[in-house]
Amino acid sequence: VLGVVGVIVGAASFLPWFHRAYKNLAAVHKTKHRPGWAIGAWFVPFLNLFRPYQIAKEIAGLSGRTPMSQTNSLPLWWGLLLVSGIGNRFLITMNTDTLDDFIRFDTVSPIIDAIWIASGACLIVLIRRIVRAQKTWLTSPVSHAP
């Protein structure tokens with residue numbers, strides 16, 4: 001229950017920020033998608049496997065005066081997020097009727113949780129870089145035209 005509450009609170013904090021960062025970008029650059037997709041793409045099945053990453057890559061690549069696409073935290077975050085999501089799906093369907101099954105579940109579960117926590121750490125690094133780049137870029141008296 002605590003994990004579900006954490007995901008809901010995290011999503012309620014992250015999604016408005018993600019939308020705002022993409023909207024900031026759209027105010028200055030021609031973006032590939034409309035700003036509403038920064039939220040909507042997370043909820044469309046199959047599209048949510050790649051579109052949020054594409055939008056995040058666009059935000060990271062075009063925010064600030066110098067492109068941030070060289071950062072390793074973006075693909076690392078996305079990869080860890082996908083692995084933890086797939087791992088959690090596996091855990092949900094895992095049978096724990098026997099002691100061996102329960103031990104297997106109890107061994108795999110903390111590993112998946114650690115991967116999920118690592119993806120969160122990468123996301124924090126990424127958010128800090130984007131916020132810093134956009135803050136400098138959007139408050140600068142110099143033109144931000146591409």
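When residue 94 is tested against the conditions (1) modelled with pLDDT under 90; (2) open to solvent by 60 Å² or more (accessible area, probe 1.4 Å), the lone failure is (2).
Might you let me know whether the stretch 33-40 holds any residue that is in contact with a Phe, Trp or Tyr (Cβ under 6 Å, 6 or more places away or on another chain) and without any contact (Cβ under 8 Å) to a residue 40 or more places away in the chain? The answer is yes; a qualifying residue exists. For the structure I just gave you, tell me whether residue 46 is of a type outside the set (Asp, Glu) and either in contact (Cβ under 8 Å) with a residue 24 or more places away in the chain or within 23 Å of residue 121 (Cα to Cα) (or both). In short, no. Where helices (runs of 4 or more DSSP H) fall wholly inside the stretch 1-106, the ranges with 1 or more residues that are among the polar types (S, T, N, Q) and out of contact with any strand residue (DSSP E or B) (no Cβ under 6 Å at 6 or more places or on another chain) are 2-28, 51-62, 73-93.
Among 113, 101, which is surrounded by 12 or more Cβ atoms within 10 Å (Cβ to Cβ), at negative phi and at pLDDT 90 or above? Result: 113 is the single residue among 113, 101 that is surrounded by 12 or more Cβ atoms within 10 Å (Cβ to Cβ), at negative phi and at pLDDT 90 or above.
Among the residues making up the stretch 1-56, those that are open to solvent by less than 80 Å² (accessible area, probe 1.4 Å), closer than 14 Å to residue 134 by Cβ and among the small types (Gly, Ala, Ser) are 21, 26, 38, 56. Residues considered: 89, 132. Of these, the only one that is open to solvent by 70 Å² or more (accessible area, probe 1.4 Å) and closer than 21 Å to residue 42 by Cβ is 89.
The values are calculated or read from the model by the stated rules, or taken from the named source; none is laboratory data. What you see is a predicted model; the values in this text were computed from it and never measured. Cβ atoms come from the backbone with ideal geometry, glycine included; neighbour counts cover every protein chain shown. Note: accessible area is taken over every heavy atom of the protein model, side chains too, but ligands, DNA and RNA are not part of it. Shrake-Rupley method; radii C 1.70, N 1.55, O 1.52, S 1.80 Å.
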